[in-house]
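K.L.:
A single structure is presented below for examination.
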Amino acid sequence: MDEPQALAAFTALAQEHRLRLVRALVTAGPEGMASGVLAEAVGVSAATVSHHLKELSHAGLVASRREGRSIVYSAAYGMLSDLIAFLMKECCQGRPEVCAPAMAALATCCPPTGETAHA
C-alpha cells in the first residue's frame with residue numbers, strides 16, 4: 001500500500017456511518033451482509049447506506065456481489081490488512097516491545113488455527 005491509497009482509505013473511514021459499516025462487515029465475516037440488513041444494523045436509511053458503501057468501495061475497503069435480487073457487501077480484508085501493515089511498518093525500529101500491544105490486540109481477535117479467542 002502506498003500513501004495515496006492509505007489516505008483514500010482513511011478519508012473514507014473518517015465518517016461515523018462508514019466506520020460503523022466497515023466494523024459491521026468485519027464482524028459479519030466473509031459471508032457479508034445484504035445492503036438492507038446492513039442499513040438496519042447501522043441505523044441508517046437504505047439510500048444513505050448505498051452512498052456510504054459506494055465511497056467505501058471506491059476506497060477499496062468493501063467488496064460487493066449480487067445474490068439474487070440483493071447486493072451483499074463484505075469487508076475487503078486484504079485492503080484492511082494492508083492498511084494496518086502500512087501504519088505498523090517499521091514500527092519497532094529494533095524494539096519489539098513498541099509493537100507488542102498492537103500485536104497482542106490482533107492476536108486476541110485472530111487466534112492461530114485450532115485456538116479460540118477469549119473475551
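K.L.:
Can you tell me, using C-alpha contacts under 8 Å and at least 6 residues apart, the relative contact order of the range 59-106 as a whole percent?
P.N.:
23 percent.
K.L.:
Moving on to the next point. Using +1 on the beta carbon of Lys and Arg, -1 on that of Asp and Glu, and nothing else charged, what's the dipole of the range 2-119 about the Cα centre, debye to 20?
P.N.:
Approximately 320 debye in magnitude.
K.L.:
Can you tell me which of 27-36, 94-103, 47-56 comes out highest on packing, and rank the rest after it, using the mean Cβ neighbours within 10 Å?
P.N.:
Averaged packing, sorted descending, gives the order 47-56, 27-36, 94-103.
K.L.:
Rounded to the nearest 500, what is the 222 nm mean residue ellipticity of the chain from helices alone, with -39500 (n - 2.57) per DSSP H run of 4+ residues and division by all residues?
P.N.:
Taken over the chain, the calculation gives -17000 deg cm²/dmol.
The numbers here are math on the coordinates, done by the rules we state, and not lab data. Quick caveat, the model's predicted, so the values are computed rather than measured. Cβ sites come from the backbone with ideal geometry, for glycine too, and all protein chains shown count toward neighbours.
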